[in-house]
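Laboratory data are not the source of any read-out in this text; all were calculated from the coordinates shown. Remember, predicted model here, so these are calculated numbers, not experimental data. Cβ placement follows ideal geometry from the backbone for every residue including glycine, while neighbour counts extend to all protein chains displayed.
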Amino acid sequence: MSRNVLATIVVVAALLLQLTVANRLPLPASVTPNLVLLAVVALALVNGSMTGLVTGFFAGLAADIVPPADHTIGRYAFVYCLIGYVCGLAADDLERSPVLPFVAVAAGALAGSVLYAMVGMMLGDPRTRWPVLSHQLPVQVLYDVIASPFVVWAVLRLTRRAERQHDPGGLDAVPGFYRAR
């Protein structure tokens with residue numbers, strides 16, 4: 001299975017879980033974990049910056065147009081594209097520690113939430129006023145950090161399985177947190 005097909009499957013699954021499960025959770029402050037953003041960050045950390053950029057754009061575009069989209073089309077595409085690219089740049093440095101990918105996912109979730117709010121402020125979205133954001137942003141990041149180990153684990157497991165099926169016993173099947181580039 002190619003990386004593009006795997007990335008598509010992960011993004012579609014994250015989007016479906018976001019719409020059917022996460023958005024329906026009775027959580028306070030009407031904020032839910034952003035599973036699509038977490039999937040983009042995890043895919044970027046596994047596959048690099050170009051995959052993060054492309055995956056971020058298409059995942060964001062899907063999140064922009066799938067109901068209940070109530071914002072300007074392109075906001076998520078722009079934010080996820082940037083976050084995917086930046087997290088992909090950090091992928092090579094994160095191979096040394098098993099804890100750093102989760103820190104990177106948390107930082108990506110924080111940066112994605114802040115960037116989305118900043119773009120909303122620039123576009124004049126009335127829901128992105130500072131009093132509202134000062135209460136919702138910390139809760140959003142907390143939910144993303146809590147959900148990040150599950151999303152990262154699922155993406156890493158799928159990636160490893162796909163690589164083992166693609167090249168069983170080859171040089172790419174070297175055990176480790178990430179595949180050899």
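Estimated at 0.36 nm per residue, the fully extended path between V99 and S134 surpasses their Cα-Cα distance by 9.8 nm.
For the chain, the longest principal axis of the Cα atoms and the long axis of helix 100-123 meet at an angle of about 30 degrees.
Taking the C-alpha atoms only, the angle from helix 49-65 to the longest principal axis of the chain is near 40 degrees.
Segment I9..L89, full-extension length gain: 26.6 nm, with 0.36 nm per residue of separation and the alpha-carbon distance subtracted. Using a cutoff of 8 angstrom between alpha carbon atoms and counting only pairs six or more residues apart, the relative contact order for segment 70-155 works out to 35 percent. Counting only alpha carbon atoms, the long axis of helix 75-89 and the longest principal axis of the chain meet at about 40°. The packing ranking, built from the mean of other Cβ atoms within 10 Å per residue, places the peptides 36-45, 64-73 in the order 36-45, 64-73, highest first. Note on L27 and R127: the model spin-label points, each 7 Å out from Cα along the C-beta direction, lie 1.4 nm apart.
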